[in-house]
Amino acid sequence: MSFSSMPAKARKPIRCLVVQLARLGDTIQSLMALRAAKQLYPDLEIHFVARERFAAAARRVPWIEKVITLPTEALLEPVLEGRRSKREALKDIARWVSPLVSEAWDIAINWTYSESSSYLTALVPARVKLGYSRRKDITFSSSDGWSNYINAIVQGGLTQNIHLTDVLTTQLLTALQIHVGEPESDGNAPVTSKNFFRLDLEEFEPWNSDDLSRKWIGIQLGAGREEKTWSPENWAAVAGLILTKHPSCNIVLMGGKGDQPLARRFLAKIDALELDRKCEKRIVSLVGETDFDLWASVVSRCQWVLSADTSAVHLASVLGTRVLNVSVGPVRWLETGPYGNGHYVVAPLGECEACRRGERSGHSCRETVTPEAVYGAWSYASNEWAHRRQISLLAHLEQLGTPAAAASVMIYRSKIRATDQGGGVYYEPLLKQSLDLDGWMAMVMGHIARAWYCGWVPPIGQELRREMLHPALVKALREIDESSQLLAKVCDEATRTALALNRKTSTLRSDKIMRLGDREELRELGKKLLELDQLMERIGKAHGPMRAFSQMSKVLMHNLRGDHLAELGKESAEAYRQLAEGITLLREWLKHTLALARPVALRPVAAVEPIRPEVLT
């Protein structure tokens, strides 16, 4: 009997421990994934581990059973400052961990995805583990397929287009379906909600009663890192355009205490714009004054939140407030952008030199995105109810007199795909642009990941359009066609070799005691597998798109779980089969794209016979 078919009284809670020790944005994304799982499996009892500094969001979620905070500052700062020894600190950490490891859990999930957090997951006794953990010999391990994917592809710096919220949600729901049973509900209830958090606002009220009837636009100053920050002068220019052209709109500035210098620069620029005094009075600054409750309240009451790469993007997404995300610097917005329908992303057209080199400063792309482009995207988006997207964004920019604003940016609108189209969030381009090799490979890897870990895929190239293709991309795809064929042959040969290893070792009574002939045969098979792995790595280094498969191969081989040679041979063969399946899909994408790029013969227009004068009479 599956869990969902059992009578409610007979079911026990599914005790789930979630470890999320990353920053606030990661915490909010985790909560969105957990909300979806909680709706489908109401008996899920969630205990949430977070850093003390970022635990406020989890504490305000009514369906979280318990929030356990890790006092990182109290535990680690004395060691870093030399006031306590590492041995003394370990005793404190052991006392903190003790309650977690003394209980039995059905599921333990490590969504921090760091090597340090994997030690905590290893200590926790759980029937099912997801995320990073440790083996008995303390070596690092990924506990499931999606964790392998994050390790090899996402943290490996390769492009892919599945949002991390979708990765977390799919990872947990798949585990629940396998180990618990089919879900109780159909999952059609919305995950986002203005009431996602239970807030305590009795002691303060951010708005005057006169303000409640007005449209509030929130601007989050600052970002997680300086190189991802858009200048406050640019934000002020956008605010000036909104205040001047939209009398019903007010601006509320948000940010932490560290953003107060940015707020002063913003207000100085507003003064320099010499706006009407009535416009200046429509700006409210809450920078440095917003604890989590006030911040969430402000975001929930805004019609829009305009922000760079900050946790405000995720908070607004969860609360159902529309987002315009100015994505500058080294940001992977396909994975961490606003989640839901109708959000907008404005990003530079191409990476700057600092982005390509992975540097922490000198990001010229931050100035590539202009205030005119951001205002144009926002004004187009905020009037969708009127134009119903019957006019193009470029036509809208021409009406504003700023068509040049589109020359250096990419602008996207988010939407949630239907289940039969692959599910998850997709960012639709609103300006005509050419697709580069990285963008094409992101589509391919998203498709391959769904095939590997969801069991079904949407049609090949469903979001690929002929106008996206250009000669440079076509040339690059033709160059990797040959290397993909070679890689497919390598995987096939590796699969056969691993199966031969499995067959040979299955006949042995012992992995340690065997005839010299058997030992020599196993040595040759092992040597051949090593050579094939090295060849796969060389192909990946020579052809960038192939690196995804060589990196996945390393992670899969590292995470083989068999204790005997026969088991390791069988698991190796399965890993190579998985890689071969991915390469097959890559080759189908190549075939589809190159066919789409072929010139299409235009049908000749039939010659029109001139009309004779007598016909007219």
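The values are calculated or read from the model by the stated rules, or taken from the named source; none is laboratory data. In this text the structure is predicted, and so the values were computed from the model without any measurement. Note: ideal-geometry Cβ built from the backbone for every residue, glycine included; neighbour counts use all protein chains shown.
Quick look at the numbers
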quantity	calculated
Among the residues listed as LYS570, LYS527, the single one being modelled with pLDDT under 95, basic (Lys, Arg) and exposed (fewer than 13 other Cβ atoms within 10 Å of the Cβ)	LYS527
Close pairs (8 angstrom Cβ cut-off, 6 or more residues apart or separate chains): in a loop (DSSP other than H, G, I, E, B) in segment 411-428, of a type in the set (Asp, Glu) anywhere	GLY423/ASP166; GLY424/ASP166
Residues of segment 359-403 classified as out of contact with any strand residue (DSSP E or B) (no Cβ under 8 Å at 6 or more places or on another chain) and in a loop (DSSP other than H, G, I, E, B), total	14
Subset tally (residues that are touching a helix residue (DSSP H, G or I) at 6+ places or on another chain (Cβ under 9 Å) and either surrounded by fewer than 18 Cβ atoms within 10 Å (Cβ to Cβ) or not in a helix (DSSP H, G or I) (or both)) for segment 501-511	6
Residue check for LEU76: surrounded by 15 or more Cβ atoms within 10 Å (Cβ to Cβ), modelled with pLDDT under 90 and in contact with a strand residue (DSSP E or B) (Cβ under 8 Å, 6 or more places away or on another chain)	no
Unmet requirement for VAL299, which otherwise passes all of (1) under 25 Å from ARG198 (Cα atoms); (2) surrounded by fewer than 19 Cβ atoms within 10 Å (Cβ to Cβ)	(2)
Those helices (runs of 4 or more DSSP H) lying entirely in segment 259-332 with at least 2 residues over 30 Å from GLU351 (Cβ atoms) and under 25 Å from the mean Cα position of the chain (by Cα)	292-301
Residue in segment 479-490 that is surrounded by fewer than 12 Cβ atoms within 10 Å (Cβ to Cβ) and polar (S, T, N, Q) present	no
Close pairs (6 angstrom Cβ cut-off, 6 or more residues apart or separate chains): β-branched (Val, Ile, Thr) in segment 260-289, at pLDDT 85 or above anywhere	ILE270/ALA236; ILE283/ILE251; VAL284/VAL252; VAL287/LEU253; VAL287/GLY255; VAL287/ASP259; VAL287/GLN260; VAL287/ALA263
Single condition PHE292 does not satisfy, out of (1) farther than 30 Å from SER30 by Cβ; (2) surrounded by fewer than 23 Cβ atoms within 10 Å (Cβ to Cβ); (3) modelled with pLDDT of 90 or more	(1)
Residue within segment 279-289 that is of a type in the set (Gly, Ala, Ser), modelled with pLDDT under 95, surrounded by fewer than 21 Cβ atoms within 10 Å (Cβ to Cβ) and touching a His at 6+ places or on another chain (Cβ under 8 Å) present	no
Residue within segment 41-58 that is assigned to a helix (DSSP H, G or I), modelled with pLDDT of 95 or more, crowded, with 16+ Cβ neighbours inside 10 Å and of a type in the set (D, E, K, R) present	no
Checklist (1) within 21 Å of the chain's Cα centre (by Cα); (2) modelled with pLDDT of 95 or more applied to GLU463, failing item	(2)
Qualifying residue in segment 205-224 (condition: at pLDDT below 90 and under 25 Å from TRP111 (Cα atoms))	yes
Which numbered condition GLN421 misses (of (1) of a type in the set (S, T, N, Q); (2) within 21 Å of the chain's Cα centre (by Cα); (3) buried (at least 20 other Cβ atoms within 10 Å of the Cβ))	(3)
Condition met for GLY461 (under 23 Å from ARG332 (Cα atoms), surrounded by 19 or more Cβ atoms within 10 Å (Cβ to Cβ) and not polar (S, T, N, Q))	no
Residue within segment 447-468 that is among the basic types (Lys, Arg), in a loop (DSSP other than H, G, I, E, B) and not assigned by TED's automatic domain parsing to the domain that holds LEU334 present	yes
Restricting segment 107-159 to residues that are closer than 15 Å to ALA22 by Cβ and among the β-branched types (Val, Ile, Thr), the residue that is surrounded by the fewest Cβ atoms within 10 Å (Cβ to Cβ)	VAL154
